[in-house]
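Heads up: the structure comes next, in structure tokens.
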Amino acid sequence: MSRTYDAVVIGAGIVGAACAYELAREGMRTVVIERGKIGAGATAAGMGHIVVMDDSPAQFVLTQYSQSLWHTFSPSLPANVEYDRCGTLWIAADEEEMNEVRRKHHLFISAHIPTDILDSQSLAEAEPNLRQPLLGALLVPSDALLNPVPAATYLIDRAQQLGTEIILGTTVVSAAKGAVRLDDGTAISAACMVHATGTGATSLLPHLPIRKRKGHLVATNHHPGFVRHQVVELGYLKSAHSLDNDSVAFNVQPRRSGRLLIGSSRQFGMEDSAVDPSILDRMLKRASEYMPALSNLPITHVWTGFRAATPDKLPLIGPTEDPTVFLATGHEGLGITTALATARLITDSLLRREPAIPIEPYLPARFATEPAPAQTRIPQETQ
Ligand SMILES: Cc1cc2nc3c(=O)[nH]c(=O)nc-3n(C[C@H](O)[C@H](O)[C@H](O)COP(=O)(O)OP(=O)(O)OC[C@H]3O[C@@H](n4cnc5c(N)ncnc54)[C@H](O)[C@@H]3O)c2cc1C
């Protein structure tokens, strides 16, 4: 028997969960279909840094908008989401990186995002476990962090309270022209379907320009106070940061629980989810160059995940040529940050409302008509 909904959300990662919640808030009869468990894809692998990034003007606007939505939503988040406005410290090791600190400072201030430039002494006081001396840093106090799987679970819970159904352990085998078919033979019809399938998007829509980008993360046991901010190096500005090469960058995060997460790596062309000892070694060496005492802390977990990367490093959000199919994928290393904005843009698009920010830079149609824009600067990548 065929079932009918206003909306089907495919995928219960952080993006699908946010879309489900937003659609439910609009009173749409929605079902979420997830082949595994809630948040078990890239979401489970993510660091959970809610960060404003400025690789491109469109990325800057999207991350800023979404971060403001997270801040507004945060008082309702349960304790296990570990939402913490700890701020980001962008670390400069030399004069070239200090120039980047100043560039970012001016840009952020012009967008009314408060930032502070720290000199060497203030940086050492802010993060005593960093190696000394370092030249300085940019402090962005409004950046936050959260634990992604509890966040996705909470969004799904809220959607369910509003009447959304969820089907777990079932794969969508086709979803187009208002008809969804599941691997158990179930047929569902819906006015719209939101593909929030992360790197799985190309299984259902093989033409999408999405590539997997593997990442590694490390967790230590509990060391409250060892690190106070999300600390990220600006050093990769100088390293030849080719989009096709393996890269590592120092990034450490203090979770509310006291655990530290150490990142991160980026690799294209990998299908195997196994931990790569050589990449792990490079990551840990990089981390101990910046924070020598990190090498004394016992590591409790190491894991990998796959980011869904697009050629222009912007997500695919919005309608497609098929009027029933909407995309919410391709968020690469910023899907946790941008999940709430994505959900708003999808809902505004579905309801034909004016969005709070222009949706055009993220529309899937950009790849149907023109090649990806060339990078004008070396991209900054933290996650
Ligand atoms: C190492 C690492 C660190 C990161 N750190 C950060 C960070 O600090 N901040 C940040 O903002 N982002 C970060 N990211 C990126 C972030 O994790 C992702 O962008 C985000 O989780 C993507 O969410 P999603 O819901 O789109 O995808 P996913 O979480 O992958 O969810 C997609 C879901 O769709 C399901 N699915 C796929 N196909 C089907 C199908 N046919 N039928 C049914 N279900 C299907 C999958 O099972 C999966 O659960 C990081 C990523 C990695 C790998």
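Brief remarks follow.
- Tally, over the range 75-132, of residues that are of a type in the set (A, V, I, L, M), within 22 Å of the chain's Cα centre (by Cα), surrounded by fewer than 18 Cβ atoms within 10 Å (Cβ to Cβ) and not in a helix (DSSP H, G or I): 2
- Only residues that are part of a strand (DSSP E or B) and either more than 20 Å from the chain's Cα centre (by Cα) or at pLDDT below 95 (or both) were counted across the range 260-270, and they come to 6.
- Filtered by the rule that a residue be small (Gly, Ala, Ser) and within 6 Å of the ligand (Cβ to nearest atom), the range 318-336 gives Gly333, Gly335.
- Taking the criterion of being crowded, with 18+ Cβ neighbours inside 10 Å and over 11 Å from Leu62 (Cβ atoms), the residues of the range 320-334 that qualify are Thr320, Thr324, Val325, Phe326, Leu327, Ala328, Thr329, Gly330, Glu332, Gly333.
- Residue among Ala187, Ala179, Ala201, Ala152 that is within 16 Å of the ligand (Cβ to nearest atom), without any contact (Cβ under 8 Å) to a residue 12 or more places away in the chain and among the hydrophobic types (A, V, I, L, M, F, W, C): Ala179
- Within the range 289-340, the set of residues being within 18 Å of His216 (Cα to Cα) and free of Cβ contacts under 8 Å to residues at least 40 places away in the same chain comprises just one member, Ser295.
- Of all residues assigned to the range 271-279, none qualifies as being more than 15 Å from the ligand (Cβ to nearest atom), part of a loop (DSSP other than H, G, I, E, B) and in contact with a Lys or Arg (Cβ under 9 Å, 6 or more places away or on another chain).
- When residues in the range 24-52 are screened for being near the ligand (Cβ under 9 Å from one of its atoms) and among the acidic types (Asp, Glu), 1 of them pass.
- Lone unmet requirement of (1) open to solvent by 10 Å² or more (accessible area, probe 1.4 Å); (2) outside any loop (DSSP other than H, G, I, E, B); (3) in contact with a Phe, Trp or Tyr (Cβ under 8 Å, 6 or more places away or on another chain) for Ala137: (1)
- Enumerated strands (runs of 3 or more DSSP E) restricted to the range 156-248, each holding at least 1 residues that are surrounded by fewer than 19 Cβ atoms within 10 Å (Cβ to Cβ): 165-168, 172-176, 179-182, 187-195, 211-222
- If the condition is being open to solvent by 30 Å² or more (accessible area, probe 1.4 Å) and either on the phi > 0 side of the Ramachandran plot or among the hydroxyl-bearing types (Ser, Thr, Tyr) (or both), then the range 24-47 contributes only Gly27.
- Of all residues in the range 313-363, those that are assigned to a helix (DSSP H, G or I), over 18 Å from the mean Cα position of the chain (by Cα) and of a type in the set (Ser, Thr, Tyr) total 2.
- Single residue of Ala343, Ala356 found to be open to solvent by 20 Å² or more (accessible area, probe 1.4 Å) and either within 15 Å of the ligand (Cβ to nearest atom) or modelled with pLDDT of 95 or more (or both): Ala356
- Qualifying residue in the range 252-259 (condition: buried (at least 17 other Cβ atoms within 10 Å of the Cβ), modelled with pLDDT under 90, farther than 17 Å from Val302 by Cβ and in contact with a strand residue (DSSP E or B) (Cβ under 9 Å, 6 or more places away or on another chain)): no
- Of note, Ser247 does not satisfy the criterion of being away from the ligand (no atom under 14 Å from the Cβ) and within 29 Å of Gly225 (Cα to Cα).
The values are calculated or read from the model by the stated rules, or taken from the named source; none is laboratory data. Nothing here was measured: the structure is a model prediction, and the numbers come from that model. Neighbour counts are summed over all protein chains in view; Cβ atoms, including those assigned to glycine, are modelled from backbone coordinates with ideal geometry. Each accessible area value is taken on the protein alone, full model and side chains, heavy atoms only, with ligands, DNA and RNA left out. Shrake-Rupley method; radii C 1.70, N 1.55, O 1.52, S 1.80 Å.
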